[in-house]
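Working notes, structure below.
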Amino acid sequence: MNLSASLVASISATLLAAVAHADVRLPKVISDHMVLQQEVPANVWGWAEPGETITVKFADKTGETVTGSDGKWSVKLDDLKAGAAGDLTISGKNTLTVKDVVAGEVWVCSGQSNMEFRAAGSINAEAEMAAANLPMIRMFTVQKNAQAEPQEDLPGKWEVAAPETAGGFSAVGFFFARKLQQTLQQPIGMIHTSWGGTAAELWTPKRVLAADADFKPIFDAWDAKVAAYPMAKVAYDAAMVKWKEDAKAAQDAGKAPPPQPRAPQGGDVVGSPSSLYNGMIAPLTPYTIRGAIWYQGEGNAGAARLYRKLFPTMIVSWRRAWGAEFPFHFVQLANFNAKHQPPSGQPEESNWAELREAQMMTLDLPHTGMAVAIDVGEAEDIHPKNKQEVGRRLALIAEATVYYRDQEFSGPLFSGAQTEDNKIRLSFRNAQGMKASDGGKLKGFAIAGEDKKFVWGDAVVEGDHVIVSSPEVKEPYAVRYAWGDNPECNLVNEIGLPASPFRTDEWLH
């Protein structure tokens, strides 16, 4: 009797598994409220029984295919028109209906904590969220998902922008989408995939990193964390015991608890190279997008020379994975860290300035754009709240370079220097109407001779040039601008977009 019952259960399980395998399945990103990319062939994909005929319908478009031997299928819907709306149906042996789908513009927004930063934390948040009844803006938020190998699916869901939902969106992603939607008058879909405190190597495919010897230190550093983890975990556990005691004592005394110890990395895949690409980017690469926006760099400050290569390598790897050289626009690190102001009052070196320079160098890649944020940071907060302006500046770039609006989209960018007697003449692109943002004297320019000793310089605008000098430097050789973690600087163009920090010398190692 027991054997018979066991056999029946086994047969039932086998039949259920066969039925489940036969069912058409979709990745989670193809779900209710999604946005399909207009104009270009928009990919819809999933899984079903090998050899199964799959039909996809949306608006007036229909596509059909046969599932491959690996159980995968994909259908491209050609020439969708912006604003097309309705249900998306996928039929095989079963039929799935994805509700409230629209066609429009789709962008990925990614990076670390300043991209993860929620709209509810931005300035004027209460009023902003109350006005967020914007059904043509939708956001798919990917849940954090570190993986050792590339995945085919990921956790997350689409939501429609409304007062009760928008506060949970990425602030930069939302304000970027809002500006674009106002300009284009088309639906905007944002796929938000970010994780605070992460470095660019976590978002880059392992095969790409492993193929370049320059990135070997990344793997070496991770291997060292793994080797040190057992002892680090013992120390962490002991520190947590003490912290709990201290926190309770502080609470009993009516005081704030001490900072909680940070758990060591190396015990699992979290923090390992490529782990976020595997879990949070690779499953998205079949999704047809227009472009990507990115806010990251804090996690690589202190390794700017490697970032010069790592960041463009990451961008190229994404484009190859998607099979398209899509626009990639990023935010340059904002001003931050008042405690790193030079105590001498004179110019000094800065890891954050070097990272900003590495970001600016990435503009050499085609179809990239950089939103300068050197004037909208907060000296005491690594997460500045004026995300509206960051999103707006990213949208200006997209509007001009992707959607061909005739408008300025960048602040002044250094393009050359020439020594003239005891002065240095600096040339800029995007220099129309250069001025001091506060109407006063230009700030943030430092000048040095061949002795490499920088002092603050006197700077004046002459057309699309800035002339820098100092009575302390008789034979000037180099100029730096806004070269600091939290520099005092004020050069803008006629529409108020700030100049990027830069240097003319090559003295840093």
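The values are calculated or read from the model by the stated rules, or taken from the named source; none is laboratory data. It should be emphasised that the depicted structure is a prediction, and the values quoted were computed from it without experimental measurement. Glycine gets a Cβ as well: all are built from the backbone with ideal geometry, and neighbour counts include every protein chain shown. The protein model used for the area step is the full one, side chains on, heavy atoms only, and it has no ligands, DNA or RNA in it. Shrake-Rupley method; radii C 1.70, N 1.55, O 1.52, S 1.80 Å.
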(request) Kindly list, by first and then second residue, each pair from a residue in the stretch 224-243 that is farther than 13 Å from Q265 by Cβ to a residue that is of a type in the set (S, T, N, Q), limited to pairs with Cβ atoms under 6 Å and residues at least 6 apart or on different chains. (result) W243/Q260
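Could you please find all residues in the stretch 420-442 being without any contact (Cβ under 8 Å) to a residue 60 or more places away in the chain and open to solvent by 60 Å² or more (accessible area, probe 1.4 Å)? Show your work before the answer.
First pass over the stretch 420-442, keeping only residues without any contact (Cβ under 8 Å) to a residue 60 or more places away in the chain: 420-423, 425, 427, 429, 435-436, 438-442.
Passing the criteria: E420, D421, N422, K423, R429, K435, D438, G439, K441.
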(message) So, Q359, is that one without any contact (Cβ under 8 Å) to a residue 12 or more places away in the chain and touching a helix residue (DSSP H, G or I) at 6+ places or on another chain (Cβ under 8 Å) or not?
(response) no
(request) Could you tell me which residue of the stretch 381-394 is most open to solvent (accessible area, probe 1.4 Å), considering only residues that are in a helix (DSSP H, G or I) and in contact with a Ser or Thr (Cβ under 7 Å, 6 or more places away or on another chain)? (result) Q388
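Which of the residues that make up the stretch 24-53 are in a loop (DSSP other than H, G, I, E, B), open to solvent by less than 40 Å² (accessible area, probe 1.4 Å) and over 16 Å from L154 (Cβ atoms)?
First pass over the stretch 24-53, keeping only residues in a loop (DSSP other than H, G, I, E, B): 24, 26-34, 38-41, 48-52.
Next cut, open to solvent by less than 40 Å² (accessible area, probe 1.4 Å) only: 24, 26-27, 29-31, 34, 38, 48, 52.
Correct list: V24, Q38, A48, E52.
Would you point out the residue of the stretch 62-76, among those that are charged (D, E, K, R) and part of a strand (DSSP E or B), that is most open to solvent (accessible area, probe 1.4 Å)?
Of all residues in the stretch 62-76, those charged (D, E, K, R) come to 64, 70, 72, 76.
Next, only the ones that are part of a strand (DSSP E or B) stay: 64, 72, 76.
Working: E64: 134, K72: 90, K76: 117 Å².
My answer is E64.
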(message) What pairs come out if I take residues in the stretch 116-143 that are more than 30 Å from V270 (Cβ to Cβ) and charged (D, E, K, R) and pair them with residues that are at pLDDT 95 or above and surrounded by 14 or more Cβ atoms within 10 Å (Cβ to Cβ) whose C-beta lies under 7 Å away, six or more apart or interchain?
(response) E128/A119; E128/S122
(message) Let me spell it out: the conditions are (1) buried (at least 23 other Cβ atoms within 10 Å of the Cβ); (2) without any contact (Cβ under 8 Å) to a residue 12 or more places away in the chain, and F445 meets all of them except one. Which number is the exception?
(response) (2)
(request) Within the stretch 359-380, count every residue that is open to solvent by 40 Å² or more (accessible area, probe 1.4 Å) and modelled with pLDDT under 95. (result) 2
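Only residues that are open to solvent by less than 30 Å² (accessible area, probe 1.4 Å) and within 21 Å of W322 (Cβ to Cβ): list them for the stretch 123-145, please. Quick ask: steps written out before the conclusion?
Keep residues of the stretch 123-145 that are open to solvent by less than 30 Å² (accessible area, probe 1.4 Å), which gives 125, 129, 132, 137-140, 142, 145.
Within the stretch 123-145, R138, M139, F140, V142, N145 qualify.
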(request) Working only within the stretch 222-254, note down all residues that are exposed (fewer than 11 other Cβ atoms within 10 Å of the Cβ) and not aliphatic (A, V, I, L, M). (result) E245, D252, G254
(message) Filter the stretch 80-92 down to the residues that are of a type outside the set (A, V, I, L, M, F, W, C) and either modelled with pLDDT under 95 or open to solvent by less than 60 Å² (accessible area, probe 1.4 Å) (or both) and list them by number.
(response) G83, G86, T89, S91, G92
(request) Please verify whether the stretch 334-343 includes one or more residues that are within 25 Å of G302 (Cβ to Cβ) and without any contact (Cβ under 8 Å) to a residue 12 or more places away in the chain. (result) yes
(request) Write out, first by first residue and then by second, each pair whose Cβ atoms fall under 6 Å of each other, whose residues are 6+ apart or on separate chains, and whose first residue, in the stretch 269-281, is free of Cβ contacts under 8 Å to residues at least 12 places away in the same chain and over 11 Å from P205 (Cβ atoms) while the second is crowded, with 24+ Cβ neighbours inside 10 Å and β-branched (V, I, T). (result) none
(request) Would you confirm whether any residue within the stretch 408-424 is touching a strand residue (DSSP E or B) at 6+ places or on another chain (Cβ under 6 Å), under 30 Å from G197 (Cβ atoms) and part of a strand (DSSP E or B)? (result) yes
(message) Which pairs turn up if I take residues in the stretch 192-217 that are over 14 Å from A282 (Cβ atoms) and look for partners that are surrounded by fewer than 19 Cβ atoms within 10 Å (Cβ to Cβ) and small (G, A, S) with beta carbon separation below 7 Å, at least 6 apart in sequence or on another chain?
(response) G196/S113; G197/S113
(request) Those residues that are farther than 27 Å from W45 by Cβ and either buried (at least 21 other Cβ atoms within 10 Å of the Cβ) or without any contact (Cβ under 8 Å) to a residue 40 or more places away in the chain (or both), I need them from the stretch 146-169; list them, please. (result) A162, P163, E164, A166
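Which residue out of S350, S317 is on the phi < 0 side of the Ramachandran plot, open to solvent by less than 10 Å² (accessible area, probe 1.4 Å) and modelled with pLDDT under 95?
Working: S317 fails: modelled with pLDDT under 95.
So the residue among S350, S317 that is on the phi < 0 side of the Ramachandran plot, open to solvent by less than 10 Å² (accessible area, probe 1.4 Å) and modelled with pLDDT under 95 is S350.
Going through E105, E116 one at a time, which residue ends up being open to solvent by less than 20 Å² (accessible area, probe 1.4 Å) and either of a type in the set (D, E) or closer than 30 Å to V24 by Cα (or both)?
On the way: E116 fails: open to solvent by less than 20 Å² (accessible area, probe 1.4 Å).
Step by step, each of E105, E116 is checked, and only E105 is open to solvent by less than 20 Å² (accessible area, probe 1.4 Å) and either of a type in the set (D, E) or closer than 30 Å to V24 by Cα (or both).
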(request) List the number of the failed condition for I374; all other conditions in (1) among the hydrophobic types (A, V, I, L, M, F, W, C); (2) in contact with a strand residue (DSSP E or B) (Cβ under 7 Å, 6 or more places away or on another chain); (3) closer than 23 Å to Q186 by Cβ hold. (result) (3)
